[in-house]
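Student: Structure provided below as structure tokens; questions to follow.
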Amino acid sequence: MQHTLNITTRNEASVVERLLQVTRYRGYQLAGLAMTPLTDRAGLQITLTVQSEKPITLLTSQLVKLYDVQQLELASADVAVLRA
Amino acid sequence: MKGAELVLKVLQQQGVDTIFGYPGGAIMPIYDAIYHSTVKHYLCRHEQGGAFSAIGYARASGKVGVCLATSGPGATNLITSLADALLDSVPLVAITGQVSQAVMGTDAFQEVDVLGLSLGVTKHSFMVRDVNELAHTLQEAFRLAQSGRPGPVLVDIPKDIQLAEVSEPEWPTLPAARLATSLANAAKARQLIAQAKKPIAYIGGGVQMADALPQLQAFLAESEMPSVTTLKGMGSVARANPHYLGMLGMHGTQAANLAVQQCDLLICLGARFDDRVTGKLDKFAPHAKVIHVDIDPAEINKVRFADCALLGDMKQILPAISTATQCADWLTHCQQLKQQYGWRYDHPGERIFAPLMLKQLSERMPDNSVVCCDVGQHQMWVAQHMRFNSPRNHLSSGGLGTMGFGLPAAIGAKLARPQDTVIAVSGDGSFMMNVQELGTIKRFRLPVKIVIIDNQRLGMVKQWQQLFFNERYSETDLSDNPDFVALAAAFAIPGHTITRKDEVASALEAMFSWPGPYLLHVRIDEKDNVWPLVPPGAANEDMLTETN
């Protein structure tokens, strides 16, 4: 099953590596990645698409713990804001 | 002032008076600042040893441990310790020197991308790029290491930042991390507990880390249910509690494992359903509903579905879910299991039986002693046969299972709690993994007691080879071990070797009555194994015992 996550992060050099490291380690396959600096360049808007048969909450619960992640939304029929 | 001096200022501002480390080129400005600082630096003999000492210090005291290393190999030598701290949720701040920013990315001498290397073994890692951000970054590192579920944080500081001039900042008080606690499911939890016929509390290291041991004793007293602990939870349940069944899992007690397998309600408190606890997951506690209480939302439903989850501060949650139970028959049954499967120490022959020796050590050691283990058979025997009155008194590498942990952790524990006796219990394999830290004990005249349980084998691996690999003993023979007493003597540490049961009591007496560090070398039979054992892939009720 494929899931798309909309993630707002701090604009730190290592943030994409961190997201990808957690995604790989937790066993989710990367299916798409896009990144755009926010207008004030203080943050990044990252769209991460992953594929796995595991529940997506097992990944989102790990990603929202990352220090640089400010907001994470699951872009699906039931959009859930996991961190306000 | 220079950035390096500011690092020491921040450490003082954070209340740090003890740090561990090893100098080198890219961190020399910070070591120059240490020269004039009141912060006491303990020079270890390897960066891994320094970081394990910081972990031992943190775990024995509840404070943040701090370690320092230079760039390149100094930083890479920290990686194992960072992973250990991550898996055991230990608050640790590691500060590494980095080559100057002007040469970063050029494969400069002793340059390594430690921030990249640290991604999988830290809670977070910072690279300081501007000296004006240095103080705030370090403060943030301390806040993060302690907040929520504790863990290791790395701060990589390029040499030019250490040398840059900076004015002393005002010290804004960072707001303490808010710990959101939801009691919305408390009523449901109380209902599950009140209705349960066979409830059991499964207690991990998180209870003590939440400083909630008094609340735990009150919860267990009111609910009057049996309890079991993980390796990291050992010492959480008051010794006087008659319903405590011991450690569960791969080398847990038969009573603990059988009771958990039979229970109808499992109340998981600050634990994470580790595979060494559950055995075959889909057969673990098969009849039980689960209440899971934790500080980390990511642990809920990660391994085992929770029928009822409560997140946040254990100190608030335990009183909120506390309720009386009606399970007298279950308590009686668990007592019968405990009596039926009690430990036996009637080992034939004159040779030392490690479980009995550790029981004697446990009974002889002063109250509130700290025992630091390495990893392997001796670690499991310690967990099985020694009793502790706090998890802070039993420091064992749980999640990562790192050989070489015990000796340096004991150094940190002794510095954290100089009034308490500290004992490093090691195996002959593990001891050699950080043996260089005998030099640290010698230098600082630390009265750490060292007990090496020596079977001249990598015992736990050998046990598995015997049981599951058709007795093919591949690379587990250590019969060419050094003379451990002579080795200790080279570091001015007296020692003694014992081989017979009748020598144990007097040897322990001699060790404890000696005022300084001491090494007791205990030779045991290589045929002795750790029992019971849940074989890999088996359910916890399918334990192997010596008689199987």
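Student: Which entries of A:Lys65/B:Lys280; A:Lys65/B:Lys63; B:Lys40/B:Lys159; A:Lys54/B:Lys302 show an alpha-carbon separation above 18 angstrom in the structure shown?
Tutor: Where the Cα-Cα span goes over 18 Å, the pairs concerned are A:Lys65/B:Lys280; A:Lys65/B:Lys63; B:Lys40/B:Lys159.
Student: Let me confirm the definition first: pairs of Lys residues in the range B:354-523, 8 or more apart or on different chains, C-alpha distance under 28 Å. How many are there?
Tutor: 9
Student: Classify the range B:381-439 as rounded, prolate or oblate from the Cα gyration tensor: take a ≥ b ≥ c as the square roots of its eigenvalues, call it rounded if a/c is under 1.5, otherwise prolate when a/b beats b/c and oblate if not.
Tutor: oblate
Student: Which whole-number percentage describes the relative contact order of the range B:382-529, with Cα contacts under 8 Å and a sequence gap of 6 or more?
Tutor: Relative contact order, the range B:382-529: 23 percent.
Student: At what distance in angstrom do the alpha carbon centres of the range B:313-358 and the range B:493-525 lie from each other?
Tutor: Their Cα centres are 30 Å away from one another.
Student: Now for a separate question. For the range B:354-523, give the share of DSSP beta bridges that are antiparallel, in percent and rounded to the nearest 5; count only bridges with both residues there.
Tutor: DSSP beta bridges in the range B:354-523 are roughly 5 percent antiparallel.
Student: Of the DSSP beta bridges with both residues in chain B, give the percent that are antiparallel, rounding to the nearest 5.
Tutor: Here the share of antiparallel DSSP bridges comes out near 5 percent.
Student: Relative contact order of chain B, please, whole-number percent, based on alpha carbon pairs below 8 angstrom and at least 6 residues apart.
Tutor: 14 percent
Student: A further question follows. Which value, in Å to one decimal place, does the Kirkwood hydrodynamic radius take for the range B:3-163 when every pair of different Cα atoms is included?
Tutor: Result for the range B:3-163 stands at 14.9 Å.
Student: Let me ask another. If we count other beta carbons within 10 Å of each Cβ, what is the order of B:Arg272, B:Arg45, B:Arg59, B:Arg387, fewest first?
Tutor: B:Arg387, B:Arg45, B:Arg272, B:Arg59
Student: Might you report the magnitude of the Cβ-based charge dipole of the range B:186-340 about its Cα centre, with Lys and Arg at +1 and Asp and Glu at -1, to the nearest 20 debye?
Tutor: Rounded to the nearest 20 debye, it is 260 debye.
Student: The range B:69-140 to the range B:437-465: how many Å between their Cα centroids?
Tutor: Using only Cα atoms to place each centre, the spacing works out to 29 Å.
Student: Using only the Cα atoms of chain B, each taken as one equal point scatterer with no solvent, compute I(q) by the Debye sum, divide by I(0), and report log10 of the ratio at q = 0.05, 0.10 Å⁻¹.
Tutor: Per q value, in the given order, log10 I(q)/I(0) is -0.21, -0.84.
Student: Just from its helices, what would the mean residue ellipticity at 222 nm be for chain B, if runs of 4 or more DSSP H residues each count -39500 (n - 2.57) and the sum is divided by every residue, rounded to the nearest 500 deg cm²/dmol?
Tutor: -10000 deg cm²/dmol
Student: For chain A, take every pair of Cα atoms, bin their distances at 10 Å starting from 0, and report each bin as a whole percent.
Tutor: P(r) over chain A, rounded to whole percents: 18, 58, 22, 1.
Student: As a test, work out the antiparallel percent of DSSP beta bridges whose residues both lie in the protein assembly as shown, rounded to the nearest 5.
Tutor: Expressed as a percentage, antiparallel bridges in the protein assembly as shown total about 30.
Student: Let me ask you something else. Sort out for me the Cα centre separation of the range B:191-245 from the range B:246-260, rounded to whole Å.
Tutor: Between the Cα centres of the range B:191-245 and the range B:246-260 lies a distance of 14 Å.
Student: After finding the eigenvalues of the alpha carbon gyration tensor for the protein assembly as shown, what semi-axes result from the square roots of 5 times each, listed largest first in whole Å?
Tutor: One finds semi-axes of 39, 34, 22 Å for the protein assembly as shown.
Student: Counting other beta carbons within 10 Å of each residue's own, what order do B:Trp330, B:Trp171, B:Trp514 fall into, fewest first?
Tutor: B:Trp171, B:Trp514, B:Trp330
Student: Then there's this: With +1 on each Lys and Arg Cβ and -1 on each Asp and Glu Cβ, and nothing else charged, work out how big the dipole of the protein assembly as shown is about its Cα centre, in Debye to the nearest 20.
Tutor: Result for the protein assembly as shown is approximately 1040 debye, rounded to the nearest 20.
No lab work stands behind these numbers, since they all come straight from the coordinates. The model shown is predicted, which means the values in this text are computed figures rather than measured ones. As a convention, Cβ positions derive from the backbone with ideal geometry for all residues, glycine included, and neighbour counts pool all protein chains shown.
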